[in-house]
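Novice: Structure provided below as structure tokens; questions to follow.
The values are calculated or read from the model by the stated rules, or taken from the named source; none is laboratory data. Keep in mind that what you see is a predicted model, and the values were worked out from it rather than measured. Backbone-built Cβ (ideal geometry, glycine too); neighbour counts: all protein chains shown. For the accessible areas, the whole protein counts, side chains as well, though only heavy atoms, and no ligand, DNA or RNA atoms are used. Shrake-Rupley method; radii C 1.70, N 1.55, O 1.52, S 1.80 Å.
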Amino acid sequence: MRWGLTVPLTGVPLRDHRALISELHELGYTDLWSAEVAGADAFTPLVLASEWDSSLRLGTAVVPVHTRGPAALAMSAAALADLAPGRFVLGIGASSETIVTGWNGIAYDPPLARTRDVLRFLRQAFAGEKVDGEFDSFTIRRFRLEKAPDVPPAIMLAALRPQMLRLAAREADGAITNWLSADDVRRVREELGPDKELAARIFVCVTEDAEMARNIGRFLIATYLTVPGYAAFHDWLGRGEVMKPMRDAWAAGDRNAAMAAIPEDLIDALIVHGTPAECRSHINRYVENGLDTPIIATLPTGTNLLETARSLAPNAA
């Protein structure tokens, strides 16, 4: 069974991760996955990890397909694949219009087409081919990697709904999802099919103070699940009516009312919380329902997150 951790840990400087990363394999972790929103970029933490450990699988979850040119993305990925041959997974995804256009000033091309085209371009580039021609969302002229990876990285797609999950099933090596309950895994797995890897970032709050965990969950759910892509995901999962009061209050600008409108059982389904043993048990429910790779994202509760990560390790029990 795979067991992954999201890095960097919130509020912990990159340089302070070295001791933790060097012991994760012994603790039972198999994977280390980065993210890319408004903190560290997706590649730098994994470059450091490739030098601090020689066993963990390293993955990006995810690199946006709009914010780098296809050639720049291929070069960064090829460099990391060279540092960690056979251990690197390139997760790519459409991100959001806020990040792509609002923060980076780049047009938000249709997400499905852009993701598909970048995936196909990367396959050719990693094979050492000269890429020269028109894709639906961009044109590439005579690009070839100076050194194609000896072991091309697996490519996984961030996928929340049927079209992207089906694209992942047809052309990628798997799918990465987010913000789902253990029971939701069955629905996603059914759409992806049985033969491709399914990974998911799972938000974990290690605390016996359930009210504090739920307050953290209320803020995160109201902030994330009102974004159109995530809202559509939960509509597909059947939560449109449950989430409507939260969405209406958020749209009206009443943030406090939006958070208050989130049912407690929804928070408990989407935010793993409790003692380390209870959290590990909850994460294992995701695996039992068809998840291949849980990617733990530790939420800050005022405790040392380096120790929190250690407490969630399979061998910590």
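Novice: Once the Cβ-Cβ distance between Glu211 and Phe135 is put in as r, and R0 is 41 Å, what FRET efficiency do you end up with, to the nearest 0.05? Numbers along the way, then the final one.
Specialist: Details: r = 50 Å, r/R0 = 1.23.
After rounding, the FRET efficiency stands at 0.25.
Novice: Moving on to the next point. Each label point is 7 Å from the Cα along the Cα-to-Cβ direction; what then is the distance between the points at Leu306 and Glu278, in nm?
Specialist: Output for this residue pair reads 2.7 nm.
Novice: Give me the percent of accessible area attributable to carbon and sulfur for the chain, probe 1.4 angstrom. Please report the intermediate quantities before stating the final value.
Specialist: Details: 6690 of 13550 Å².
In the chain, the share of accessible area belonging to carbon and sulfur is 49 percent.
Novice: Oh, and also: Under the rule of -39500 (n - 2.57) per DSSP H run of 4 or more residues, summed and divided by the residues of the chain, what mean residue ellipticity at 222 nm is obtained, to the nearest 500 deg cm²/dmol? Mind dumping the intermediate values first?
Specialist: Values: 13 runs with 137 residues, N = 317.
My calculation for the chain gives -13000 deg cm²/dmol from helical runs alone.
Novice: Quick one: which residues, 5 or more positions from Ala200 or on another chain, have an amide H under 5 Å from its amide H? H modelled 1.01 Å from N in the peptide plane, none for Pro or chain starts.
Specialist: The answer is Thr177, Thr293, Ile295.
Novice: When every alpha-carbon pair in segment 208-314 is counted, what percent end up more than 22 Å apart? Write out the running numbers ahead of the final one.
Specialist: Details: 2152 of 5671 pairs.
So the pairs more than 22 Å apart make up 38 percent of the total in segment 208-314.
Novice: Would any residue of segment 14-39 have its amide N under 19 Å from a label point 7 Å out along Cα→Cβ of Leu83? List them or say none.
Specialist: 14-25, 30-39
Novice: On to the next question. For the chain, what is the accessible area per residue in Å², given a 1.4 Å probe and the full set of protein chains?
Specialist: On the way: 13550 Å² over 317 residues.
For the chain, the solvent-accessible area averages 43 Å² per residue.
Novice: Between Glu288 and Met1, how many nm apart are label points set 7 Å from Cα along the C-beta direction?
Specialist: Modelled inter-label distance: 1.0 nm.
Novice: Would you pull out the residues with amide H under 5 Å of Ala35's amide H, same chain only if 5 or more places away, H placed 1.01 Å from N?
Specialist: Placed amide hydrogens put Val7, Ala61 under 5 Å from Ala35.
Novice: Same structure again: For Val131, enumerate residues with amide H under 5 Å from its amide H, sequence gap 5+ or separate chain, H modeled in the peptide plane.
Specialist: Phe143, Arg144
Novice: Okay, next question. What does the net charge come to around Leu24 if you take all other residues with beta carbon closer than 10 Å to its beta carbon, with K and R at +1 and D and E at -1?
Specialist: On the way: positive: Arg310; negative: Glu23, Glu26, Asp31, Asp53.
Local net charge: -3.
Novice: How large is ³J(HN,Hα), in whole Hz, for each residue of segment 196-210 in order, when computed from phi with the Karplus curve 6.51 cos²θ - 1.76 cosθ + 1.60 and θ = phi - 60°, using x for Gly and Pro?
Specialist: Each residue of segment 196-210 in turn: 10, 5, 10, 10, 8, 7, 10, 7, 10, 10, 7, 6, 8, 8, 4 Hz.
Novice: Something else about it: Would you list, by chain and number, the lysines whose Cα falls below 19 Å from the Cα of Lys147, excluding same-chain residues fewer than 8 positions away?
Specialist: Answer for Lys147, where 19 Å is the Cα cut-off: Lys130, listed by chain and number.
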